[in-house]
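Q: The structure under discussion is supplied below as structure tokens; questions concerning it will follow.
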């Protein structure tokens with residue numbers, strides 16, 4: 001299987017994607033912004049179809065759309081409920097725009113649908129380099145704001161009272177998520193990115209009790225799911241995305257069961 | 001040795017154009033527990049938010065609100081926090097969330113030392129690895145207290161921290177706060193509806209009603 005260079009690239013890329021998804025995912029889940037992340041994957045589809053229409057590169061269109069919507073969402077939604085509804089408004093508008101641009105461009109529309117479902121086995125060397133640059137950037141920025149981001153994400157109300165610049169850090173984080181979704185979506189598809197960003201971190205939440213160990217565990221879950229998925233897809237010829245989402249789903253179910261069963265047996 | 005932490009002089013607060021508090025004046029010193037009492041809606045929490053905003057922006061300092069401390073040395077324990085049953089972080093990891101002066105993603109050995117000192121002070125060392133979501137109401141309040149203390153406050157503001165606790169836990173928590181006030185030479189503002197706690201632990205009471213505040217020295 002490793003004699004094919006596309007398989008080598010797929011395994012390497014999924015290693016790096018697992019790293020980003022683990023780091024960003026833990027914060028996404030703690031901040032309860034999974035719904036927004038899902039919306040971002042739809043917005044990136046809309047951005048890609050705009051790019052096809054406008055004749056610019058898809059990644060530019062996706063970054064343009066996802067970052068713009070992040071800024072709008074962080075401007076409008078101060079509290080959680082308000083944010084929830086403003087996210088669904090933006091989601092609806094952007095999907096509408098995506099459909100419009102697709103029908104206006106009438107060329108290569110299959111490319112835009114590729115963005116939704118992606119193909120991890122179609123990765124080139126250039127994609128891997130792109131990923132590396134993205135990871136380096138994200139690691140640097142989150143590294144610098146790690147402690148504040150941690151405070152804001154895991155104790156939102158406390159941080160509002162006791163820390164400065166919380167709004168800035170929240171907005172910056174949304175933009176980082178937008179970049180993550182855009183860059184990785186064209187490689188593995190935006191639907192897969194959404195599940196890799198949210199499911200491993202949601203599972204890890206039930207098993208680990210520190211931010212570092214949650215990240216490590218999310219990474220292990222994401223990596224196991226993607227590598228196992230690639231292998232199974234190679235043998236069966238079924239889509240990789242199916243296997244990855246399915247494996248991540250099973251891990252989540254097991255984690256949930258593990259967390260709930262001991263609790264019910266030794267009720268304090 | 002008492003020193004002034006905050007001086008409020010002739011402060012007016014308006015909410016949506018309507019006056020809420022008129023010409024309020026009070027001073028708070030170190031080693032003091034100031035209780036703010038009054039019915040719901042008289043503006044106790046609004047007053048605190050107003051003070052915090054002033055500390056953050058430093059605009060109102062010269063005129064009505066005069067802090068003798070930086071914003072970083074003021075710690076608030078808010079009335080409500082969204083900690084649900086499956087909140088994942090352990091008690092010790094929750095406490096260290098407030099260590100935001102440094103940027104390193106890991107704790108320094110000095111910070112670890114501070115953590116273990118504070119955990120033993122609030123009596124949480126034995127359960128420091130338990131997820132906060134599984135802790136009892138009293139343990140949660142002690143964890144909030146520890147999280148505030150790890151930032152080395154000069155002024156600590158407790159907004160109805162005892163409202164969800166039974167009588168024994170309330171008294172234990174206030175005993176602990178009292179010990180900390182004397183040990184660390186800090187000032188505490190405690191917003192409460194509980195007359196018993198005011199009588200047992202308060203040094204000064206600021207009672208707000210009809211837009212006016214009245215200060216009473218209790219001991």
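Q: Taking the residues in segment B:72-89 that are more than 22 Å from residue B:162 (Cα to Cα) and at the interface with another protein chain (Cβ under 9 Å from one of its Cβ atoms) as candidates, determine which candidate is surrounded by the fewest Cβ atoms within 10 Å (Cβ to Cβ). Please lay out each step first, then the result.
A: Residues of segment B:72-89 more than 22 Å from residue B:162 (Cα to Cα): B:72-73, B:86, B:88-89.
Retained after the next criterion (residues that are at the interface with another protein chain (Cβ under 9 Å from one of its Cβ atoms)): B:72, B:86, B:88-89.
Values: B:72: 16, B:86: 14, B:88: 24, B:89: 25.
By that ranking, first place goes to B:86.
Q: Checking residue B:68 against (1) closer than 24 Å to residue B:155 by Cβ; (2) under 18 Å from the mean Cα position of the chain (by Cα); (3) within 8 Å of another protein chain (Cβ to nearest Cβ), which test does it fail?
A: All conditions pass for residue B:68, except number (3).
Condition check ((1) modelled with pLDDT of 90 or more; (2) part of a helix (DSSP H, G or I); (3) within 14 Å of chain B (Cβ to nearest Cβ)) across all residues:
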{"position": "A:137", "(1), (2), (3)": "yes, yes, no"}
{"position": "A:169", "(1), (2), (3)": "yes, yes, yes"}
{"position": "A:181", "(1), (2), (3)": "no, yes, no"}
{"position": "A:199", "(1), (2), (3)": "yes, yes, no"}
{"position": "A:202", "(1), (2), (3)": "yes, yes, yes"}
{"position": "A:209", "(1), (2), (3)": "yes, no, yes"}
{"position": "A:212", "(1), (2), (3)": "yes, yes, yes"}
{"position": "A:216", "(1), (2), (3)": "yes, yes, yes"}
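Q: Examine segment B:60-70 for a residue that is surrounded by 16 or more Cβ atoms within 10 Å (Cβ to Cβ), in a loop (DSSP other than H, G, I, E, B) and at pLDDT 90 or above, and state whether such a residue exists.
A: No, because not a single residue in segment B:60-70 is surrounded by 16 or more Cβ atoms within 10 Å (Cβ to Cβ), in a loop (DSSP other than H, G, I, E, B) and at pLDDT 90 or above.
Q: Hey, among B:88, B:105, which residue is closer than 27 Å to residue A:205 by Cα and touching a residue at least 12 places away in the same chain (Cβ under 8 Å)?
A: Working: B:105 fails: touching a residue at least 12 places away in the same chain (Cβ under 8 Å).
Only one candidate qualifies: B:88.
Q: Scan segment A:222-231 and give yes if some residue there is in a helix (DSSP H, G or I), touching a residue at least 40 places away in the same chain (Cβ under 8 Å), in contact with a helix residue (DSSP H, G or I) (Cβ under 6 Å, 6 or more places away or on another chain) and within 14 Å of another protein chain (Cβ to nearest Cβ), otherwise no.
A: As a first pass, look at segment A:222-231 and keep what is in a helix (DSSP H, G or I): A:222-231.
Still in the list and also touching a residue at least 40 places away in the same chain (Cβ under 8 Å): A:222-223, A:226-227, A:230-231.
Pick out the ones that are also in contact with a helix residue (DSSP H, G or I) (Cβ under 6 Å, 6 or more places away or on another chain) and you get A:222-223, A:226, A:230.
Then keep just the ones that are within 14 Å of another protein chain (Cβ to nearest Cβ); that gives none.
No, the conditions are met nowhere in segment A:222-231.
Q: Can you name the condition, by its number, that residue B:144 falls short on among (1) more than 22 Å from residue B:171 (Cβ to Cβ); (2) touching a strand residue (DSSP E or B) at 6+ places or on another chain (Cβ under 8 Å); (3) within 12 Å of another protein chain (Cβ to nearest Cβ); (4) buried (at least 22 other Cβ atoms within 10 Å of the Cβ)?
A: Unmet condition: (1).
Q: Looking at segment B:191-213, can you tell me whether even one residue there is surrounded by 14 or more Cβ atoms within 10 Å (Cβ to Cβ) and within 14 Å of chain A (Cβ to nearest Cβ)? Explain how you work it out, then say what you get.
A: From segment B:191-213, those surrounded by 14 or more Cβ atoms within 10 Å (Cβ to Cβ) are B:191-194, B:197-198, B:200-208, B:211, B:213; that's our starting set.
From what is left, the residues that are within 14 Å of chain A (Cβ to nearest Cβ) are B:191.
Yes: one or more hits.
Q: Can you confirm whether segment A:143-156 contains a residue that is in a helix (DSSP H, G or I), at the interface with chain B (Cβ under 9 Å from one of its Cβ atoms), touching a strand residue (DSSP E or B) at 6+ places or on another chain (Cβ under 7 Å) and surrounded by fewer than 22 Cβ atoms within 10 Å (Cβ to Cβ)?
A: Scanning segment A:143-156 turns up no residue that is in a helix (DSSP H, G or I), at the interface with chain B (Cβ under 9 Å from one of its Cβ atoms), touching a strand residue (DSSP E or B) at 6+ places or on another chain (Cβ under 7 Å) and surrounded by fewer than 22 Cβ atoms within 10 Å (Cβ to Cβ).
The values are calculated or read from the model by the stated rules, or taken from the named source; none is laboratory data. Keep in mind it's a predicted model, so treat the numbers as computed, not measured. Here Cβ is always computed from backbone atoms with ideal geometry, including for glycine, and neighbour counts include all displayed protein chains.
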